[in-house]
Amino acid sequence: MIISIASGKGGTGKTTIAVNLVLSISNDNSYDCQFLDCDVEEPNAAIFLKPNISQARPVSILEPRINFTKCTFCGKCAKACAFNAIAVLKNDIKIFMELCHGCGGCSIACPENAISEVSRDVGVIESGNVGKIEFIQGKLNIGEAITPPIIIREMKKRIKKSGTEESKIKHITIIDAPPGTSCPVVESVKNSDFTILVTEPTPFGLNDLILAVEVLKKLNIPMGVVINRGGKNDNIISDYCQNEKIPILMRIPMDKDIAVAYSKGIPMIQINPKYSDKFKELYYKIENQLQISGEI
Ligand code: SF4
Ligand code: SF4
């Protein structure tokens, strides 16, 4: 089962939920857990999980190089580029590398065979373990703007397939998605069995939750909400969820001890073990909901 954790905006506690969820369910020997930190621009789950990283593999794209001795400046490469990354001038060609997705379309379109492709590293995928949890995180190289989905796609190739029906061990992948509703978020949550949307009970929280819900509806992914730093203002979220028929799966109150632990990189289940049961309940609610709807 793949459960992604997302939020319409940063700072809602999305990583906190993802980390505590995986730690809580991995205590049960009937679950084999994987954790993917897909927030490749700012991965921070490792601060809390403290993984033992044993492998780092670069992720690269192929970018075009023009052989000007062959080029006739016909402009076919620029027409073929869906990302407007090539401009053909009278006697020159400009390639805007920050727009190039490394798709290879221009080299296929060139009738003179004047475009070769060279490899450029755009980030790295690190992997290791946190106890028996397999840990994978992507890191984007500084200055890269359009390549997060490429790294996320590579990371998701490592998601383990579910076990056979006879197998007693259930495989669960927790994906910590980037904040927001842009392409990297879509790439992260795509093909999830369920997405947890983490929000806080403020007008900004509601606004960004509505945007995230719209994205998940388009992707046809079942969803539920966790209200973090809740309290007397929860109604702003619960009224919306009731109207939209989205279940509220968990409420975490504003708690100074949790905030202090967070600032020290300590998961909340380690300062207050009762939360471990609450996160297990969160998982069971998701599992029940998917069983009822026939998704699993
Ligand atoms: S398609 Fe080939 S020949 Fe034509 S402008 Fe581009 S690189 Fe030059
Ligand atoms: S590799 Fe793809 S994105 Fe990059 S310049 Fe060529 S056609 Fe455009």
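What follows draws every value from the coordinates through simple rules; no lab data is involved. Remember, it's a predicted structure, so these values are computed and weren't measured experimentally. Here Cβ is always computed from backbone atoms with ideal geometry, including for glycine, and neighbour counts include all displayed protein chains.
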Task: Rounded to the nearest 20 debye, dipole of the stretch 131-257 from Cβ charges on Lys, Arg, Asp, Glu - done: 440 debye
- [ ] Please tell me which of these pairs span more than 30 angstrom C-alpha to C-alpha: 156/280; 132/190; 9/50; 168/285; 79/161; 168/245?
- [x] 79/161; 168/245
TODO: Go ahead and estimate [θ] at 222 nm for the chain from helices alone: -39,500 (n - 2.57) per DSSP H run with n ≥ 4, summed, over the residue count, rounded to 500.
DONE: -10000 deg cm²/dmol
Open item on the list: Suppose every Lys and Arg Cβ carries +1 and every Asp and Glu Cβ carries -1, with no other charges. What dipole size does the chain come out with about its Cα centre, to the nearest 20 debye?
Closed with: 280 debye
Task: Nearest-0.05 FRET efficiency for residue 292 and residue 263, computed from C-beta distance (R0 45 Å) - done: 0.70
TODO: List every DSSP H helix in the chain whose Cα atoms extend 24 Å or more along the helix's own long axis and whose mean Kyte-Doolittle hydropathy is at least 0.0.
DONE: 203-219
TODO: May I ask for the net charge around residue 284, where only other residues with Cβ less than 14 Å from the Cβ of residue 284 are counted and Lys, Arg are +1 while Asp, Glu are -1?
DONE: 0
Task: Sequence-distant residues sharing a close amide H with residue 135 (under 5 Å, placed H) - done: 35, 128, 129, 130
TODO: Rounding to the nearest 20 debye, state how big the charge dipole of the stretch 68-113 is about its Cα centre with +1 on each Lys and Arg Cβ and -1 on each Asp and Glu Cβ.
DONE: 140 debye
- [ ] Within the stretch 45-152, list the trypsin sites (Lys or Arg not before Pro) lying in a DSSP loop whose Cβ has at most 15 other Cβ atoms in a 10 Å radius.
- [x] 70, 90, 132
- [ ] Provide Rg over Rh for the stretch 68-113; use the alpha carbon set for both Rg and the Kirkwood Rh (inverse mean inverse pair distance).
- [x] 0.92
Task: Between the stretch 187-248 and the stretch 1-79, the Cα center-to-center distance that results, in Å - done: 22 Å
- [ ] Have a look at 190, 232, 161 and tell me which one the Gaussian network model of the chain (Cα, springs below 10 Å) gives the largest fluctuation.
- [x] 232
TODO: Between 148, 179, 64, find the one with the highest GNM mean-square fluctuation for the chain; connect C-alpha pairs within less than 10 Å.
DONE: 64
Task: Evaluated at q = 0.07, 0.09, 0.13 Å⁻¹: base-10 log I(q)/I(0), Debye formula over Cα of the chain - done: -0.33, -0.51, -0.90
